[in-house]
Every structure is written in C-alpha cells, then in structure tokens.
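**Q** This is the structure I want to talk about, given as structure tokens.
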Amino acid sequence: MNPSCNLFLIGPTGAGKTSIGRQLAAHYGLPFIDLDQEIERMTGVSIATIFDIEGEAGFRRRERAMLEECSGRRGVLLASGAGVVLDPVNRRTLVERGYVIWLQATVPVQLQRLTLDTSRPLLADVDRQQKLEAMAAVRTSLYEEIADLTVSPAADNEGVVAASERCLALLERHWNRQAA
C-alpha cells in the first residue's frame, strides 16, 4: 500500500529481513518488529519448540495472530517470517496495512548465510538446498503477488550496510511515506 506509514519486509529465509530491517528502522526512526521474535517473546519458547509441540499448523496460527496484532500498529517496520505469505489472510493483511518490500535471495546465498544456523525448524535434518528450492518454488509467486517494491538479490558477499543502502535508495524513490 502506497502511501503508508508502515514498512513490511518479506522474503525467503536468509534474505536479510532482520538485519536490513534494523538498519532501515533506525534510518526512518521506526520501531522495529521481528515477527518471529515477537512470537517467541509472547509464548516464552523458541519457534523450534512451537514446531515440536504444535507442528507447523500451530505455528502458522500463532503467526497469523501476531501479524494481525503487530501490523495494526502505525509507523512500524516489521520483518516477517519467510512463510508468512503462505496464508492468504496474511497476504491481505500485509497489502492493506503497509508498504511491502520483497528482499530476494538466491538459494546459494541462502545456503551460505545459513551454514551455521541450527534454529530453523523447516531446515532441520533435511537436504537444505533441496528444501530451500522447494520453498522458493511455492513462495516466490506469493512474494511477487504482494510486493510493492522488489529488491533484487545481493552479490554473494554484500554486507548488511551495503544492502541497506541499496534498499534506502529504492525506498527514497518509491515509498510515499505517510505520517503515523
């Protein structure tokens, strides 16, 4: 939605939503919300524990409720989880309540960034490349469907600051920021 007072980041696992989101939030003076971290804060347990106890369906219910709450705030930058777009209600919520930025990342970049990450339940005990490719096959069109702005994949070695600066340059040209 443009104009909007909210910025919402979507994209695959390892695209940099949290890292870049913090930089953008600081630049614009917006409170930063990481949706997965909010779920963990409210439940008092990790996302992995939620998956273990309630399965992916239970996690997705919690994710929808937390998105509904957090996206209803005005003047925030929200970094979503990679799978938030799987739910049509979530897609509608994102489109109606904020300016949606799709941070793209190739599977090789995701693999590189997630090498040491053991906290993601959907990537545990599986062939990560195959799983990331399968997730991309399902999610890419959903990201594209709701994105107001697409930020192309970064160079393999691009740092957070450079990626954030690329995003800022695009936002300055395309985001019609509305007062909170």
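Just so it is clear, none of the values below were taken in a lab; they were calculated from the coordinates. Keep in mind it's a predicted model, so treat the numbers as computed, not measured. Counting neighbours? That spans all protein chains shown, and the Cβs are built from the backbone with ideal geometry, glycine included.
**Q** Rounded to two decimals, what ratio of Rg to Rh does the stretch 3-78 give with C-alpha atoms and a Kirkwood Rh?
**A** Dividing the radius of gyration by the Kirkwood radius yields 0.99.
**Q** Express in whole angstrom the spacing between the alpha-carbon centres of the stretch 1-53 and the stretch 112-180.
**A** That distance is 12 Å.
**Q** Which listed residue (Ala136, Gly16, Ala65) has the Cα farthest towards the positive end of the charge dipole for the chain, taking +1 on Lys and Arg C-beta and -1 on Asp and Glu C-beta about the Cα centre?
**A** Ala65
**Q** Using alpha carbons only, what's the Rg to Rh ratio of the chain with Rh from Kirkwood?
**A** With Rg and the Kirkwood Rh in hand, the quotient comes to 0.94.
**Q** From a point 7 Å beyond the Cα of Arg92 in the direction of its Cβ, which residues of the stretch 1-23 have a backbone N at a distance under 17 Å?
**A** Counting backbone N atoms under 17 Å from the label point, the list is 1.
**Q** Still on this model: At a 10 Å Cβ-Cβ cut-off, how would you order Val76, Val95, Val126, fewest neighbours first?
**A** Final ranking by Cβ density, sparse to dense: Val126, Val95, Val76.
**Q** Could you give the size of the charge dipole of the chain about its Cα centre, using +1 on the Cβ of each K and R and -1 on the Cβ of each D and E, expressed in debye and rounded to the nearest 20?
**A** The calculation lands at about 440 debye.
**Q** Per-residue counts of other Cβ atoms within 10 Å, averaged by peptide: what ranking do you get for 37-46, 62-71, highest first?
**A** 62-71, 37-46
**Q** A further question follows. Toward the positive end of the charge dipole of the chain, about the Cα centre and with charges on Cβ (Lys, Arg +1; Asp, Glu -1), which of Thr115, His174, Val151 goes farthest?
**A** The residue sitting farthest along the positive end of the dipole is His174.
**Q** Then there is this: Dipole size in debye (nearest 20) for the stretch 25-108 around its Cα centre, Lys and Arg Cβ +1, Asp and Glu Cβ -1?
**A** 340 debye
**Q** Still on this structure: Arranged by the count of other C-beta atoms within 10 angstrom, fewest first, what order do Leu77, Leu168 take?
**A** Working: Leu77 26, Leu168 16.
Listing Leu77, Leu168 from fewest to most nearby Cβ atoms yields Leu168, Leu77.
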